[in-house]
Amino acid sequence: MDTTGTIFLPPGQSTISGEVDALFNFILFASILLFLLVVILSGYFVFRYRRRTVPGTTYGKDHNVKLEIAWTVIPTILIIIVFIWGFRTFLKMRVVPKDAIEIKVTGQKWFWSFDYPEGVNTVNELVVPVDKPVKLLMSSKDVIHSFFVPNFRIKMDVLPNRYSITWFEATSAGEYNLFCTEFCGTGHSEMIGRVKVVSEKEYGEWLEATAIPAEGISPVEYGARLYQSKACITCHSVDGSLNTGPTFYKKFGEQEMMADGSSVKVDENYLRESILNPNARVVAGYAPVMPTYQGILKDREIDALIAFIKSLKEDTTANDE
Ligand code: CUA
């Protein structure tokens, strides 16, 4: 159910968000009410029964059975309400509908990749159809990450050596933020993706177009697309600016100093090695933090990325997206 945003969260845009928000608001307002009641009464009693030297002042009875029953029974009822309500919502969030599309999510330092049953693979962009349940089967290649889409009110840890599962059904088309919400190292704040919710027709078209991506475009264009969609852009600039990794600008054909003091010519084979086995030869001045793209990029895609990097060696073709 769609709900409006608050200072805590953006508008809810999944089937579960209305329920999550209602429960959250109930707990929040009940807590504020009880807090005020306790603080205001405490303040009043401190004043009312302050130490006085008036002789003969009495301080009333030492207990009140009706009051004590009230402040035991009312909070107990409140807690039972929260438990039953929370448990029912929790079950809904855990039990995946049978007709859900299953997408494999992999977290690694520092990006997300998504594998579709149709063989399509994307990085940092999850494309899903609207009004369809989507099951996410998630695991991590290294440390603990956490998959969080505020608009859908879902958050689930992504662990190495174990699968975790979550699901959602988006109720309106649009683009939503995806965050890693578990501190996972220096690149944690850059582990940001998008969830693109499209109509079922557009989803089908997208799957088809992505499954045969190189059709009708040049390798350089295809490489430029992959540079963005496979998240190279997160660490490597194409305009010479400094980042987590070396820039691609005017790099092809140059001699590069390696961390071990050797020198390497940036050619096709060095680029290929750096994509598949990034820590084999690391450029001096950079940390060996790049993840391997083994199994993520197909040969054709590596070829296109190399063609793209090659195209950046000249000023005229410098292409900053
Ligand atoms: Cu992955 Cu934080």
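Read-outs: derived from the displayed coordinates by stated rules, not from any lab. Computed from a prediction, not measured in an experiment: that's the story for all the values here. Cβ placement follows ideal geometry from the backbone for every residue including glycine, while neighbour counts extend to all protein chains displayed.
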*If the range 219-320 were replaced by its equivalent ellipsoid, with semi-axes equal to the square roots of 5 times the Cα gyration tensor eigenvalues, what would those be, largest first, whole Å?*
19, 16, 13
*Quick one, could you list the DSSP H helices from the chain stretching 24 Å or more along their long axis (Cα atoms) with average Kyte-Doolittle hydropathy of 1.0 or above?*
17-48, 65-94
*How many Å³ per residue does the convex hull of the Cα positions in the range 17-94 occupy?*
88 Å³
*asked:* How would Trp71, Trp110, Trp85 line up from fewest to most surrounding beta-carbon atoms within 10 angstrom?
replied: Trp71, Trp85, Trp110
_Beta bridges per DSSP with both ends in the chain, % antiparallel, nearest 5_ = 70 percent
*Counting other beta carbons within 10 Å of each Cβ, put Thr15, Thr72 in order, fewest first.*
Thr72, Thr15
*Taking the convex hull of the Cα atoms, report for the range 102-211 its projected area averaged over all directions, in nm².*
6.1 nm²
*For the chain, what is the convex hull (Cα atoms) projected area averaged across all directions, in square nanometres?*
25.3 nm²
*Pull up the cross-link candidates among the aspartates and glutamates for Lys98, meaning alpha carbon to alpha carbon under 17 Å and not fewer than 8 places away within one chain.*
Asp131, Glu169
*For the range 229-282, with only Lys/Arg (+1) and Asp/Glu (-1) charged at the beta-carbon, what is the dipole magnitude about the Cα centre, in debye rounded to 20?*
120 debye
*If you average 1/r over every pair of different alpha-carbon atoms in the range 32-174 and take one over that average, what Kirkwood value in Å do you get?*
20.1 Å
*Residues Trp206, Trp167 arranged by fewest to most Cβ contacts within 10 Å*: Trp206, Trp167
